[in-house]
1. Please note which strands (runs of 3 or more DSSP E) are completely contained in the stretch A:9-91 and include at least 2 residues that are buried (at least 19 other Cβ atoms within 10 Å of the Cβ).
2. Among the residues of the stretch B:156-164, are any more than 15 Å from the chain's Cα centre (by Cα) and within 10 Å of another protein chain (Cβ to nearest Cβ)?
3. Looking only at the stretch B:151-172, how many residues end up being closer than 23 Å to B:Val136 by Cβ and loosely packed, with under 14 Cβ neighbours inside 10 Å?
4. Kindly indicate the residue of the stretch B:100-126 that is among the polar types (S, T, N, Q) and at pLDDT 90 or above and also surrounded by the most Cβ atoms within 10 Å (Cβ to Cβ) among those meeting that condition.
5. Across the stretch B:78-132, what is the total count of residues that are in a loop (DSSP other than H, G, I, E, B) and within 12 Å of chain A (Cβ to nearest Cβ)?
6. Restricting attention to the stretch B:153-203, which residues are part of a loop (DSSP other than H, G, I, E, B) and modelled with pLDDT under 85?
7. Collect the residues in the stretch A:92-101 that are assigned to a loop (DSSP other than H, G, I, E, B) and either more than 7 Å from every other protein chain (Cβ to nearest Cβ) or of a type outside the set (A, V, I, L, M, F, W, C) (or both), keeping them in residue-number order.
Amino acid sequence: MLEAKNIHKSFEKTEVLHDVSVNVPPGKISVIIGPSGSGKTTLLKILAFLEPADRGALCFDDQTYPFPWPKKNHIKPPWPEVTVVFQQLFLWPHLTLLQNLTMPLFALKRENQGKVDRLIDLLHMGEFIDRYPNEVSLGQRQRAAVARALLLEPKYLLLDEITSSLDVEQVSIILSLLKDLRSEGTGILLITHLLQFARDAADQIIFMDDGSILEEGGPEVLANPKHARVQKFLSVIESAR
Amino acid sequence: MVTFELGLIVCLVGLIMGAILGSLGAKWGLTVGLPTRIISFVLSGMPILVFLFWLHYPVQAMLGVVIDPFITASVTLATINTFAVADVIRTVLRDFPKQYMIAAQVCGLTPFQSLVLIQLPIVFRQTIPGLLMIQVTMLQATLFASLISVPEIFRVAQQINAQVYKPVEIYTALGILFLALCLPMNGIAILLRKRFTRDFSER
């Protein structure tokens, strides 16, 4: 279980997360939706052990990491059991996409060329896998970044808007991969604005606004939101489609 | 031979000391980085020849010492090289995009693996062309040492010319020698810059 409990986080005097608790269960897909600036990415970074909160705690399996951390070096984050694909992707620019995929496996002594080849094939990356990140499109980079994370076989996978530049077919491939991962027991937390993606994939929907969770529940939250703010946000997104 | 000896000392000392100073300056911006930048800035505004003469005559006169001109030239040029190299390395390290290290962390790489596999290769690619160009400039600057009586190649050329008076042949040969040395280095720097400092921005 990956869980954030009663998280408070401020940047200078602005509170960006107010008493937020989120549970990422293994073998489930949790989806966070909400407007820009609602604190989704900050929450994801905290869950990924990249951003310390001011108060609250993180729980990973049997271990609890209470905030504030005395010093970042004093805790040992459970990477890559918990790993992230960022919206900005952060592929290493001096390596080809293939090297981006295989280098972490080499460093972790988990080389598995068969799996790499299968994933390249599945994500249709064969044509551009030997190019550098700046030589391919955003959609191609997004696929490579997702592949890099998937190859690590994390227990918990956190994804921040990874489908923003993918076409319908690619989104459907990613969705199918995530469902496979879920069935293998991986806990997935996903930030997205794609409601259909959320409907198709989510076991749990979390709606955030202004640093708080306004509503959460099963996929039915998207069909019958109770909170007025959620209703308004969803209707704006639906009408923009 | 003296020219190559001088050039080698200047390059080696400058690269090693500059790398150390640049790394320390990136880590401790206020205590090391700022003084280094100020010294770098001052040195960049002072002609090499003036600095060389200043260390050779007034400083030694003030201190009441006489130092071998070869040592004076080595110290002067190595100092200039050190601060130029430190400036390049400090800037690249300071501006190194932290997100690449974050990506390495979440992929499970140890700090040492992140340094060796991610940070150093990127920093190396970004600094090496600039550092090569600086070394070419420093090699050319070794000629100034002739003006404080270091018997380096330019001074030898002058002496030979004084005896046989064949300035066209002698100075042309000297020019060709430096071209043969510096052009390949500049060419390599340009090639490396093209190859290594590709546009890292992602479309």
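The values are calculated or read from the model by the stated rules, or taken from the named source; none is laboratory data. As the structure is a prediction and not an experimental result, all values here were calculated from the model. For neighbour counting, all protein chains shown are included, and Cβ atoms are generated from backbone atoms with ideal geometry for every residue, glycine included.
1. In the stretch A:9-91, A:14-24, A:29-33, A:55-60, A:82-85 are the strands (runs of 3 or more DSSP E) which contain 2 or more residues that are buried (at least 19 other Cβ atoms within 10 Å of the Cβ).
2. no
3. 1
4. Once the filter is applied, the top-ranked residue is B:Gln105.
5. Matching residues across the stretch B:78-132 total 6.
6. B:Thr197, B:Arg198, B:Asp199, B:Phe200, B:Ser201, B:Glu202, B:Arg203 - these are the residues of the stretch B:153-203 that are part of a loop (DSSP other than H, G, I, E, B) and modelled with pLDDT under 85.
7. A:Pro93, A:His94, A:Leu95, A:Thr96, listed by residue number.
So that you can scan it fast, the table gives a plain yes or no per residue for (1) under 19 Å from the mean Cα position of the chain (by Cα); (2) within 11 Å of chain B (Cβ to nearest Cβ):
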site	(1), (2)
A:Val85	yes, yes
A:Phe90	yes, yes
A:Met103	no, yes
A:Phe106	no, yes
A:Glu111	no, no
A:Lys115	no, no
A:Arg118	no, no
A:Leu123	yes, no
